[in-house]
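Scroll down for the structure; my scribbles are underneath it.
The values are calculated or read from the model by the stated rules, or taken from the named source; none is laboratory data. Only a predicted model underlies this, so the values are computations on that prediction, with no experimental measurement involved. Here the Cβ positions follow ideal geometry from the backbone for every residue, glycine too, while neighbour counts run over all protein chains shown. Please note that ligands, DNA and RNA were not included when accessible areas were found on the heavy atoms of the full protein model with its side chains. Shrake-Rupley method; radii C 1.70, N 1.55, O 1.52, S 1.80 Å.
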Amino acid sequence: MIKKILLLFTLISFFQINAQVLYNYPKDQDFYEGGKKGLFAEMQKIVVKNNIKPCEKTEALFMRFIVYPDNKVRYVADNDTVAVENNKCLKNKVLEVIKYADNWKSAESDGKKIPAMFSALFSDDLLFNNKVNEGDFVKPVYMYKDKESDIMKFRENFAKCFDANGYRTNADYSFKINFDVDTKGEAGFFYIENQSNLDKFNEMVVKCASNTKKSYWKPGYYKGVPVKQVFRMPIRFNAN
């Protein structure tokens with residue numbers, strides 16, 4: 001079994017922050033009894049029971065947590081500090097509510113319990129079970145040469161970047177790249193599933209998926225509030 005081990009990358013360097021934290025839960029495993037729906041329903045009950053009030057303004061924040069083998073939960077600090085500061089009311093409220101939730105389920109890999117991450121976009125609409133319209137969320141937009149483009153253009157530019165760096169393979173190879181587009185449109189928090197044993201190759205993956213002067217992202221929005229979104233893209237190289 002190939003383990004999905006958490007790797008965090010920056011534009012300049014890449015490093016493994018914790019070889020024992022899974023980037024996400026293994027297939028068919030839930031971080032909470034009933035999955036995300038179970039957690040959200042529990043949080044809504046806690047909000048009502050504790051008479052928690054909405055924030056004074058519209059706030060929305062993407063948040064990550066780690067569930068440990070003892071079922072304790074820890075918030076993963078976000079380096080998008082502007083987003084965190086602008087949504088401080090919501091962040092504090094989520095952290096307060098999360099403390100009362102008690103049906104956490106730790107991940108298992110090869111028969112052993114292991115820490116793993118989960119993430120979600122939080123808002124008062126979620127906490128108070130308000131109706132959400134499709135138009136409330138605007139997805140990030142990939143930009144190329146200052147014009148709106150699409151994900152296929154991202155793939156095309158990614159492949160061209162590899163060609164420009166002289167990468168060739170004598171065997172078929174595929175992997176999946178996961179990354180965030182934050183509230184400033186920056187691509188980051190890169191994680192490679194089925195990563196190469198070659199550090200230089202992994203560095204190239206990050207380089208080719210990162211923003212440049214010509215290719216970059218416009219952030220997503222929830223009700224006019226910039227929000228982070230995660231992308232997960234399969235990439236395949238065929239033997240020459």
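One table, with the values for the structure above:
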| quantity | calculated |
| --- | --- |
| Some residue of the stretch 114-128 being of a type in the set (S, T, N, Q) and more than 16 Å from Lys228 (Cβ to Cβ) | no |
| Any chance Arg232 is open to solvent by 90 Å² or more (accessible area, probe 1.4 Å) and under 30 Å from Asn86 (Cβ atoms) | yes |
| One residue from Phe190, Phe128, Phe162, Phe158 being within 30 Å of Pro54 (Cβ to Cβ) and aromatic (Phe, Trp, Tyr) | Phe128 |
| Any hit, the stretch 72-92, residues being part of a strand (DSSP E or B) and under 26 Å from Lys223 (Cα atoms) | yes |
| Hey, Met143 open to solvent by less than 40 Å² (accessible area, probe 1.4 Å), over 15 Å from the mean Cα position of the chain (by Cα) and at pLDDT 95 or above or not | yes |
| Filter result for Ala120 (open to solvent by less than 80 Å² (accessible area, probe 1.4 Å) and assigned to a loop (DSSP other than H, G, I, E, B)) | no |
| Unique residue being in contact (Cβ under 8 Å) with a residue 12 or more places away in the chain, in contact with a Leu (Cβ under 7 Å, 6 or more places away or on another chain), hydroxyl-bearing (Ser, Thr, Tyr) and under 28 Å from Ala83 (Cα atoms) when the list is Tyr191, Tyr221, Tyr142 | Tyr191 |
| Filter pass, Phe175 being closer than 22 Å to Ser119 by Cβ and of a type in the set (A, V, I, L, M, F, W, C) | yes |
| Subset of the stretch 28-64 that is of a type in the set (Gly, Ala, Ser) and free of Cβ contacts under 8 Å to residues at least 40 places away in the same chain - its residue that is nearest to Val230 (Cα to Cα) | Gly35 |
| Residue check for Phe154: buried (at least 17 other Cβ atoms within 10 Å of the Cβ), under 17 Å from the mean Cα position of the chain (by Cα) and hydrophobic (A, V, I, L, M, F, W, C) | no |
| Residue identified as on the phi < 0 side of the Ramachandran plot and in contact with a Lys or Arg (Cβ under 7 Å, 6 or more places away or on another chain) among Val73, Val47, Val84 | Val84 |
| Residues within the stretch 113-137 that are without any contact (Cβ under 8 Å) to a residue 12 or more places away in the chain and not acidic (Asp, Glu), tallied | 5 |
| The listed residue being charged (D, E, K, R), more than 20 Å from the chain's Cα centre (by Cα) and closer than 16 Å to Gly220 by Cβ, out of Glu108, Glu134 | Glu134 |
